[in-house]
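*Asks:* Next up is a structure, given as structure tokens.
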Amino acid sequence: MSSNSNEAPLGIEARLAREARDLAVKRADPSSAYFAGDAPVRADRRRFVLQSMAALGGTAGVMRNAFAETGVGATVHDVPADASKTPGYPLADESYGTRSQFETEVRRRFKTPTPLSSWTMTPLEAGCGIITPSGLHFERSHAGTAVIDASAHSLYVHGMVREPRKYSMKDLRRFPSISRIMFLECSGNGLTEWSKPTMRTVQFTHGLTSTSEWTGVPLATILKEAGLQRGAKWLLAEGGDAAAMTRSIPLDKAMKDCFLAYGQNGEALRPEQGYPLRLMVPGYEGNINIKWLRRLEVSDTPFMTREETSKYTDLLPDGKAVQFSLAMEAKSVITSPSGEMVLDGPGFHEITGLAWSGRGSIRRVDVSTDGGRTWRAASLQGPVLPICHTRFHFPWTWDGGEAILQSRCVDDTGYVQPTLGQLIAVRGLNGPLGSIYHLNAIQSWLVANDGKVSNVHHY
Amino acid sequence: MSITTEMVFALALAAFAAQAGAAGIDEAEYGFGTRPSEAELGHFVSPLPDGRGLPQGSGSVLEGKSVYQQQCASCHGEKLQGGLGDRLIGGRGTLVNDSPAKAPVKTVESYWPWPTTLFDYTKRAMPMNAPGSLTDDQVYALTAYILSQANIVSEDAIMSADTLPKVVMPNRDGFIADHRPEHFPPVARTAHQTLAIAPAAK
């Protein structure tokens, strides 16, 4: 993420104001996990909803929040009092389906100075399973979302190859294909959280990670077709967007498991994910997964592009910066309960969340409800795939007292997710945003006596 | 010596293996796509730090100043101090910093390790509203201007494929290789303290 510590700190004040407005909507909705009515009302949610609906007549469901009115990602239909007493809307001859008009989760943009170079974050708190709906997959673009006609798009392969090649999308689809369910995470995920807890919800602390099934051609197939020359060691990937985003990839990684994706979750890539072609670099930071891919140039050295020198490097307190820190280390977060939710009284609450590692599979996740004093193993929900979101579950009976919830994952290389203190000990705190990138520390959520959940630092 | 079935099979296998081995180097397995022309490939610019891949052309500081004022100043500031776009100069000496209260100032002058990156990025991606619209001469001139304002080259410098790669950036040796993964032992039963809580939502 092209965040710059020189900027007025990333519009965090504006972002907080917007987050507060979003929360206000959720807090007014009795069916939301964020509903903040006083206790007697919360205890009687069902009656509250029914009374509201009666008061508002037949369209009560539509009226209950702002997003449903506009139907973001949905087609809004009239709501009958009883759907079993009247036929529903007819099936269209041809259609591309939408979600229910009552569902309101949206990606939300971090308020950078321009919406052309910006990012939007996935509402992880609302997700179930491991797949992120394509329409909620986080975005990070440096010069807007490119509009490219697949039938006019070409991929060039040149540089230290036997013979330069040019492929149409139709050519690329002729090669044997693979599919892989895989996470992508922006290495700037959580950049506001190094020195103090800043954002309030898990969407804004962790929402720059998403999982899709991606389909395409192994990069090794394409590079073998062009034929690598002796001495070739690096590969430049260039996007066809207005940023002409470029990154250098070590050739051994390119040959090992990279692929050129044209499919996402069973259909063509979404425009904002790089339609019609995206380089997939499993387990490496999101930025290197070049979108709108138009060119691959083989070389003997890295190209030292802007995004691998002035950005996406980890500046340490001694003034040196770590470069080509590409792998995303193991990380986990509890998505429910999470920041700003309000627990509906003592008793049983399932703790659930996601864990992932750029170096392999998640081997275990431990959960603590006492701020890290004691840990117990969570159950991992299958499938547990390498370089993929893995969902975990942990049964918890809340006694009504203050609790600090944490999750800690271990991947199959034996790497243990660090506490924030451990991570800061090796990275330092060079400025309010620390080293900005690659924050994979254990997240803490404080549950107060009244059930209110807050983002805290506790380590 | 009589020729056995096994021998024929072994010979055939060896011939196949030789062919398959050669395929990776000399011959495409599928042969899809076409061979692009030199002109098509010449359209792309991505110089290496040693200067390979830099195009012909040149530009002076004075020419660069004029281009800067027309094309860049509205976002990067009259004095290259930044605005909607990044700050471009200053910040030397701010990278060594252990204070969470004070931000390091990362600019072309203080942070960028390679001068070729400045040409490359400006050529590809700037100005933001019309990327790719600057000529090679204009980009060399802008590079000269920015580097001169950063006190890295002199006021009479001319930037070209010959001179640009020879410029030594102040933070040339500021980068180290990735040393991860780090080893973090699991922490449990240590004395914990709640250090901070996110600001309460209003």
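Please treat every number below as a calculation from the coordinates, not as lab data. Because the structure is predicted, anything quoted here is derived from the model rather than measured. Glycine also receives a Cβ, built like all others from the backbone with ideal geometry; neighbour counts cover every protein chain displayed.
*Asks:* Report the normalised scattering of segment A:213-276 as log10 I(q)/I(0) at q = 0.13, 0.15, 0.25, 0.26 Å⁻¹, calculated by the Debye formula with identical scatterers on the alpha carbons.
*Replies:* Summing over Cα pairs of segment A:213-276 leads to -0.41, -0.54, -1.16, -1.19.
*Asks:* If you take the charge dipole of chain A about its Cα centre, with +1 on Lys and Arg Cβ and -1 on Asp and Glu Cβ, which of A:Gly188, A:Gly216, A:Val157 is farthest toward its positive end?
*Replies:* A:Val157
*Asks:* What does the structure give for A:158-169 when I average, per residue, the other chain Cβ atoms found within 10 Å of the residue Cβ?
*Replies:* That average works out to 4.
*Asks:* Across peptide A:242-248, how many C-beta atoms of other chains are within 10 Å of each residue C-beta, on average?
*Replies:* Counting Cβ atoms of other protein chains within 10 Å of each residue's Cβ and averaging gives 5.
*Asks:* Then there's this: Sequence neighbours fewer than 8 away in the same chain don't count; with that in mind, list the lysines whose C-alpha is under 16 Å from B:Lys102.
*Replies:* Straight-distance partners of B:Lys102: A:Lys196.
*Asks:* Once a ≥ b ≥ c are taken as the square roots of the eigenvalues of the Cα gyration tensor of segment A:331-456, is the result rounded (a/c under 1.5), prolate (a/b larger than b/c) or oblate (a/b not larger than b/c)?
*Replies:* oblate
*Asks:* What ³J(HN,Hα) values, in whole Hz, does the Karplus curve 6.51 cos²θ - 1.76 cosθ + 1.60 give for segment A:159-175 when θ = phi - 60°, with x put for Gly and Pro?
*Replies:* Karplus values, whole Hz, x for Gly and Pro: x, 7, 10, 4, 8, x, 10, 10, 10, 7, 4, 5, 4, 5, 6, 6, 6.
*Asks:* Convex hull over the alpha-carbon atoms of the protein assembly as shown: what's its volume per residue in Å³?
*Replies:* 206 Å³
*Asks:* Between A:Ser84 and B:Gln81, with labels modelled 7 Å along Cα→Cβ, what's the label distance in nm to one decimal, could you check?
*Replies:* 7.1 nm
*Asks:* Continuing with this model, one more query. Given the DSSP H assignment, sum -39500 (n - 2.57) over each helix run of at least 4 residues in chain A and divide by its residue total; what's the result at 222 nm in deg cm²/dmol, nearest 500? Intermediate values should be presented prior to the final figure.
*Replies:* Values: 10 runs with 76 residues, N = 459.
-4500 deg cm²/dmol, from helical runs alone.
*Asks:* If packing is taken as the average number of other Cβ atoms within 10 Å across a peptide's residues, how do B:35-43, A:248-256, A:443-451 rank, most packed first?
*Replies:* Details: B:35-43: 11.7, A:248-256: 18.2, A:443-451: 20.4.
Top of the packing list down: A:443-451, A:248-256, B:35-43.
*Asks:* Can you list the aspartates and glutamates whose alpha carbon is less than 19 Å from that of A:Lys26, not counting same-chain residues fewer than 8 positions off?
*Replies:* Once the sequence-local aspartates and glutamates are set aside, what remains near A:Lys26 is A:Asp38, A:Asp44, A:Glu69, A:Glu103, A:Glu105, A:Glu125, A:Glu340, A:Asp344, A:Asp450.
*Asks:* So which of A:Lys311/B:Lys166; A:Lys111/B:Lys79; A:Lys170/A:Lys253; A:Lys256/B:Lys123; A:Lys166/B:Lys166 end up more than 30 Å apart, counting from Cα to Cα? Display every interim value, and only then the final one.
*Replies:* Values: A:Lys311/B:Lys166 23 Å; A:Lys111/B:Lys79 26 Å; A:Lys170/A:Lys253 26 Å; A:Lys256/B:Lys123 32 Å; A:Lys166/B:Lys166 34 Å.
In this structure, A:Lys256/B:Lys123; A:Lys166/B:Lys166 exceed 30 Å between Cα atoms.
*Asks:* Which order, highest average first, do A:344-355, A:122-133 follow once you tally other Cβ atoms within 10 Å for each residue and take the mean per peptide?
*Replies:* Top to bottom by mean Cβ count within 10 Å: A:122-133, A:344-355.
*Asks:* Could I ask something else about it? Sort A:Arg364, A:Arg376 so that the residue with the fewest other Cβ atoms within 10 Å of its own Cβ comes first and the one with the most comes last.
*Replies:* Exposure proxy ranking, most exposed first: A:Arg376, A:Arg364.
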